[in-house]
Amino acid sequence: MGGTSIQEVKFIELEKKIKRENWRRIWFRFKKSKLSILGLSMILVLLFTAIFADYVAPYPSHAGLYIAFKNAYKPPSFEHILGTDMYGRDVFSRIVFGFRYAFMMIGLVLSLVVPTGVILGLIAGYYRGTFIETIIVRLSDIFISLPPLVLALSIASILEPNIFNAMMAVSLMWWPWYVKLTYSMTVSLRNEPFILAAESQGASTLHILFKELLPIQLGTILTKVTLDAGWVILIGAAISFVGLGAQPPTPDLGTMVSEYSKYLPEYWWMSLGPAAGIVLIILAFNLLGDGIRDVFAGE
Amino acid sequence: MNQRMDIELTILKRLQNFLNNYYFRKILYSIVTLFGISILIFIIARVLPGDPARLALGPRAPEDVVEQYRKLLRLKEPIYVQYYYWLIDVFNGRFGLSLVTFRDVLTDIIEFLPATVELIIFTLIIDIVGAFSLGVLSGRKPNSFIDNSVRIFAYAGIAIPSFVWAIILQLILANWLDLLPAYGRLSLGIEVNRITGIVTLDSLLTGNVIAFIDAITHLIIPSLSLAIGCIAQEARILRSSLIENVNKDYVLNMYAHGIPGSTIFFKYALKPSMIPTITIMTLDMASMLGNAFLVELIFNWPGLSRYGITAMLRKDLNAIVGVVLVIGLAYTIASIIIDLVVSYLDPRVRYRR
Amino acid sequence: MLLEISDLYVYYRSYWYTLKVLNGVWLRLDRGERVGIIGESGSGKTTLLKSILRILPQNGMIPKGEIRYDGKNILKLSSSELTKIRRREIGMIFQDPMAALNPVFKIRDQLYDILKYKMMIEGHNPSSRELYEEAVKIFSDVRLPDPDRVLESYPFQLSGGMRQRVMIAMALISAGKLLLADEPTTNLDVTIQDQILKLIHRLAAQRNLSTILVSHALGMVYQMTDRVYVLYAGDIMEEARTRDLFSKPKHPYTQLLVASTPRLSSVGVGEGIKGKLPDYHNPPAGCRFAPRCPYVMDKCINTKPRKIQVNREHIVSCYLYD
C-alpha cells in the first residue's frame, strides 16, 4: 500500500480547510471589539517606529551623544515636536529610539521567560507528588513572595548598570509567574480522561506535555504574554529611572524620564514626553491583551 | 485505664485538628517561605556578584583592606557556613555596617522605616476608600454616566505607572495650582518630637495640630500617586464582580422573596464581590511596596525605600540586604493578613484541602 | 383565575445581540390547580417562571405581554405591591439549589432575612428567638433533620438533598398562594428525587397551594399535574389535561416527545427528535418547530400558527388543525 489514496488527500484538504476557518473565526471574534483593533494598530505603529527608527525620527543623530547648547531647552515647536532637552537634542527623536530599546527588552525578556516558565510549569504539574514538583513550586513561590519591583531592583543593583543587565534582572524576576500559571492549569488537567487515555496508549511524555496539555493552555498563556509585555516595559523603565539600568546617553525611556525630571517644573515637556511614550506602550498592550483574552474566553 | 486512653485520644485529635487548621498551616508555610527568601537574598548578595567585598568597597580600595573585608564576610568558607553565620547575625540584630552611614544597618532601618510605614498606611486608606466607593458607584448603575467615567478612569489609571502619576500630580497640584507641597514630609521649620517616628501620629500625641495638618498635606500627593493605579484595578474588578453577581441565581432568589434592593446589593451581592477584589490587593500591595522606591525618590521622602535606593546605587550590600529582608517580611505579613480576610469572607477557602 | 399570562414576549438584550426567547406565551392557572410545563433545556421554561416574579437578570426585558395575577397586571404593579406578592404570595423553587444559595452566607442568614421581611410586612417585628422557632418549624415541615446544624452551615457543607429541602423551605415561606417549581429534582440523585417530589406534593396539598411544575421529565409531570402546557423554543405548542395530553397528543412535537419516552410496555427505546432548538438571535419567523417538524408545510415557515381549540380544554398551536 504505497502512496496517498484519494481519501487521504481529501482528508488532508479538509484538515487544512478547518484550520483556515479556525483562523478566520479567531480574527472575526477579535475584530468585534474596536478597542482591541485599536490596540493592535497601536502596537503595529509603535513596532514599525521602533524598527525603522532611523527613518521615522526627524533627528536620528540626536539619539545618543550629541551636543548643541544653543538649541537647548526649546519648548515644543514645528521643528521639534516635543522640544529639545538640556543638550539640545530633539526629544521626539530620542523617544522614537526609546521605543526600539523598549521592544528589544520585551522581546528578549519574554522569549527567555515564557518558554522556561511554561516548560517548568508543565513538568511540575505533570509530575505531581514528586520531588521535582516540590522544588519547582517552592522555588517559584519564594521568588513570588517578594514584591516584583523590589526583587528586580535588588538583582539589578548587584550587576553593572546597563540595559542588558536590566533585562536580565527583569527576566530573573519574571519567570516564576509563568511557572505558576502553567502549573495550576496543568494540575487541573492532569487527571482528565483524555490525558489518561493518551498515557495508556503509550504516548511519550513529550507528546503529552506539548501536544495534549499545552495547546489548551495556549490561549491563556498568550493573553498573559500580551498583557505582560506592557508591564515588562514598566519594570524596565522603573529600573532605568532609578539609575540601575540603561545609563545616559542611551535613549531608554525610563532613563529619559529620570534625566529630564530634574528640569521640572519649568521644562515639563521634556519629562512628560518619554513618560507618555511608556504609557502608550502599556495602553496598547493592555488593549491588545483584552482583545486576545476575549477571543479565547469562549474556548 | 480506659479513661486514660480516651483522654490521650482526645488530645491526639485536638493536636491533629490544630495542625490541620488552615491558618496554622498558612503561617507555617509563610515562615518556611521567609527562610527561602532569606536564602534567595543571601545568594543575590553574596553569590551573584563576583567579589562581594570588592564590589562593596569599590575599585579604588586597597587590596589589604578588601582582604580584611573578605575575612569578615567569611568568603573563603563554604556557602552554607556563610549563610549560617549571616543568619545568626540577622537574628541578633546585627545587619552589618552600612557603607554610607557607617552605622549598623538595623539602626538605619529603625530610623527610616516609620516614614515608609506612614506612607503605605495612608496609601492603603486612600486605596480602600477610593476603590470601594468607585466600584460600588459604578456597579450600582451599570452603563450610566458615572459608570462610564469610572471605567475610563480605571483604564487610564492602570496604564499610567505610579511614577508617571507622581510627576503629573506633582506638576499639576503642587507646581501649577500650588495646592499642596511638592517635596518632603514636613515644611521647613515645622518639627515634631519623635515618639513612634510616624509624624502624623506623633503630632497628634503631642497635640501639635499645625504639624499634623502640615504632615497630611505632605502625604497626599505621594500617597495618591501610589494609590491611583491600585484604585483603578480594584474598582474595575469590584465593578465587574458586582455586575456578575447581581444576576446570579442566589441574588435573584433574594429578589424573589421581596427583600429590599439595597439590602440585596450591599449584603448579598457585595460580599461575594469583595472576594476577588481583596484577593487582588495582595498584588497591589506588592506593587505599592515596589513603587514606593520610585515615589520616595521623586518626593524626597525620607523612608526605607529611598534609603534602599541609595544603598543600591552605592552598592551598599549590607543595607540592600537589610532593606529587602524587611520589605520581604512586611509583604509576607501583609499577604497573610489579606489571606485571613479572604478566608473570613469566603468560607469555602477554609474547608478546601 | 389566579394567574393568566397572555401574549408574553421576553427578550435578553445586550450591546450587540438580542435573544428573543419567549415568543407570545399564554398560560392560565386557577386556584388549587396543579399545572405543568414541559420543555427541553433551553426552551425558555426558567425565563417564563422568572418573568412571573419579575426577577429576570438585568439584560432581560419584556417588550410585550400581560401577566395577570389575582386580577392585577404584575408587569405594571408598583414596587410596594410587587414586594408584598413576592414576600407572601408567590414562592419559587430554583432549579439548582447550589446556585440559588449564596455560597458565602450561612443558611441561617439567608433564611432569617426571608422570614424577617415576610413577617415585617405582616406587621410583625420578629425577634431572633422567634425567627429561630419559625425556622425550626419550617425545617420540620420539609423533613430536615438537625435544624441547628443546618442553620449554622454554609451551602457547600450540605448534601444535595438537604440543599433542595432548604430551597423548598424558603419557597414555602413566601408561597402563600402560588408555588413555582423549576425542575425541582433534576440535580438530585435518583433515590432522592422521589422523596422530594412526594414532599412537594404533600406540602402543596396541605397548604392549598396552586403549583406550576416545570420539567423535562415527562413521567414526573404526568404524575404530579392536572393540566399541562408544552413549551418549545419560547412558544406554547399545546395545552391539555394531563391525561389527555399523554394519551392523545395533538401537536407533532408533543407526539414525538411522548413517543420517544422509554416505556416498560413497548419494545426498546424510542427515537429521539432530529435537529435542535432554533437560534434565538434569528428565530424562525413562523412556527418555531417548523425546521424539525415531520409535517411541515409552507405556511408553517412563514407565519406563526394561531391557537386552535380542538376539544374542551385541549388547545393546539398548529396548522394541522386549522
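The values are calculated or read from the model by the stated rules, or taken from the named source; none is laboratory data. Keep in mind that this is a model prediction, so the values were computed, not measured. Backbone-built Cβ (ideal geometry, glycine too); neighbour counts: all protein chains shown.
Observations
- The single residue among B:Ile275, B:Ile336 that is modelled with pLDDT under 90 and either at negative phi or in a helix (DSSP H, G or I) (or both) turns out to be B:Ile336.
- Test: residue in the stretch B:285-292 that is under 30 Å from C:Ile52 (Cα atoms) and either of a type in the set (Gly, Ala, Ser) or part of a helix (DSSP H, G or I) (or both): no
- Residue in the stretch B:128-149 that is within 21 Å of the chain's Cα centre (by Cα), in a helix (DSSP H, G or I) and within 14 Å of another protein chain (Cβ to nearest Cβ) present: no
- The listed residue being surrounded by fewer than 22 Cβ atoms within 10 Å (Cβ to Cβ), touching a residue at least 60 places away in the same chain (Cβ under 8 Å) and closer than 30 Å to C:Arg86 by Cα, out of B:Leu238, B:Leu270, B:Leu242, B:Leu252: B:Leu270
- Any chance B:Phe112 is over 29 Å from the mean Cα position of the chain (by Cα), modelled with pLDDT of 85 or more and of a type in the set (Phe, Trp, Tyr): no
- Residue match in the stretch A:117-139 (condition: more than 8 Å from every other protein chain (Cβ to nearest Cβ) and of a type in the set (Asp, Glu)): yes
- Counting only helices (runs of 4 or more DSSP H) that sit wholly inside the stretch A:1-110, those with at least 3 residues that are touching a Lys or Arg at 6+ places or on another chain (Cβ under 8 Å) are A:34-51.
- Of the residues making up the stretch C:48-107, those that are within 8 Å of chain B (Cβ to nearest Cβ), surrounded by 23 or more Cβ atoms within 10 Å (Cβ to Cβ) and small (Gly, Ala, Ser) number 2.
- Here the helices (runs of 4 or more DSSP H) wholly within the stretch C:171-285 that include at least 2 residues being in contact with an Asp or Glu (Cβ under 9 Å, 6 or more places away or on another chain) are C:190-206, C:242-247, C:252-260.
- Residues that are touching a residue at least 60 places away in the same chain (Cβ under 8 Å) and either surrounded by fewer than 24 Cβ atoms within 10 Å (Cβ to Cβ) or not in a helix (DSSP H, G or I) (or both), drawn from the stretch A:160-179: A:Pro161, A:Asn162, A:Ile163, A:Asn165, A:Ser171, A:Trp175, A:Trp177
- Any chance C:Lys248 is over 16 Å from the mean Cα position of the chain (by Cα) and either over 21 Å from C:Pro97 (Cα atoms) or at pLDDT below 90 (or both): yes
- Beta carbons closer than 8 Å, at least 6 apart along the sequence or on distinct chains, pair a first residue in the stretch B:322-350 that is within 14 Å of chain C (Cβ to nearest Cβ) with a second that is surrounded by fewer than 20 Cβ atoms within 10 Å (Cβ to Cβ) and polar (S, T, N, Q) for B:Val342/B:Thr279; B:Val349/B:Ser343; B:Arg350/B:Ser343.
- Check on A:Leu227, over 22 Å from A:His62 (Cα atoms) and surrounded by 24 or more Cβ atoms within 10 Å (Cβ to Cβ): no
- When residues in the stretch B:253-306 are screened for being out of contact with any Pro (no Cβ under 9 Å at 6 or more places or on another chain), at the interface with chain A (Cβ under 9 Å from one of its Cβ atoms) and not hydrophobic (A, V, I, L, M, F, W, C), 1 of them pass.
- Residue within the stretch B:63-81 that is in contact (Cβ under 8 Å) with a residue 12 or more places away in the chain, of a type in the set (Ser, Thr, Tyr) and away from chain A (no Cβ under 14 Å) present: yes
- Meets criteria (within 14 Å of another protein chain (Cβ to nearest Cβ) and more than 23 Å from the chain's Cα centre (by Cα)) for B:Leu9: no
- Among (1) part of a helix (DSSP H, G or I); (2) crowded, with 20+ Cβ neighbours inside 10 Å; (3) of a type in the set (A, V, I, L, M, F, W, C); (4) within 14 Å of another protein chain (Cβ to nearest Cβ), the one test that A:Val187 misses: (2)
- Whichever residue in the stretch B:164-203 is assigned to a loop (DSSP other than H, G, I, E, B) and either aromatic (Phe, Trp, Tyr) or touching a residue at least 60 places away in the same chain (Cβ under 8 Å) (or both) and, among such residues, is farthest from B:Leu219 (Cα to Cα): B:Thr196
- Criterion: under 20 Å from A:Gly236 (Cα atoms), touching a Ser or Thr at 6+ places or on another chain (Cβ under 9 Å) and free of Cβ contacts under 8 Å to residues at least 60 places away in the same chain - qualifying residue of A:Val113, A:Val56, A:Val96, A:Val109: A:Val96
- In the stretch A:254-276 there is at least one residue that is surrounded by fewer than 23 Cβ atoms within 10 Å (Cβ to Cβ), under 19 Å from the mean Cα position of the chain (by Cα) and either within 11 Å of another protein chain (Cβ to nearest Cβ) or at pLDDT below 90 (or both).
- Among (1) more than 9 Å from chain B (Cβ to nearest Cβ); (2) within 14 Å of the chain's Cα centre (by Cα); (3) polar (S, T, N, Q) - the single one C:Ser127 does not satisfy: (2)
- Condition broken by A:Ser140, with the remaining ones in (1) part of a helix (DSSP H, G or I); (2) surrounded by 24 or more Cβ atoms within 10 Å (Cβ to Cβ) satisfied: (2)
- Counted residues, the stretch A:147-159 - those being within 7 Å of chain B (Cβ to nearest Cβ) and in a loop (DSSP other than H, G, I, E, B): 1
- For B:Lys315, the conditions (1) more than 9 Å from chain A (Cβ to nearest Cβ); (2) under 30 Å from B:Trp86 (Cα atoms); (3) among the basic types (Lys, Arg) are fulfilled apart from (1).
- Flag for B:Val246 being within 18 Å of B:Gly139 (Cβ to Cβ) and of a type in the set (Val, Ile, Thr): yes
- Selection within the stretch C:119-165 - part of a helix (DSSP H, G or I) and either of a type in the set (A, V, I, L, M, F, W, C) or at positive phi (or both): C:Met119, C:Met120, C:Ile121, C:Leu131, C:Ala135, C:Val136, C:Ile138, C:Phe139, C:Val150, C:Leu151, C:Phe156, C:Met162
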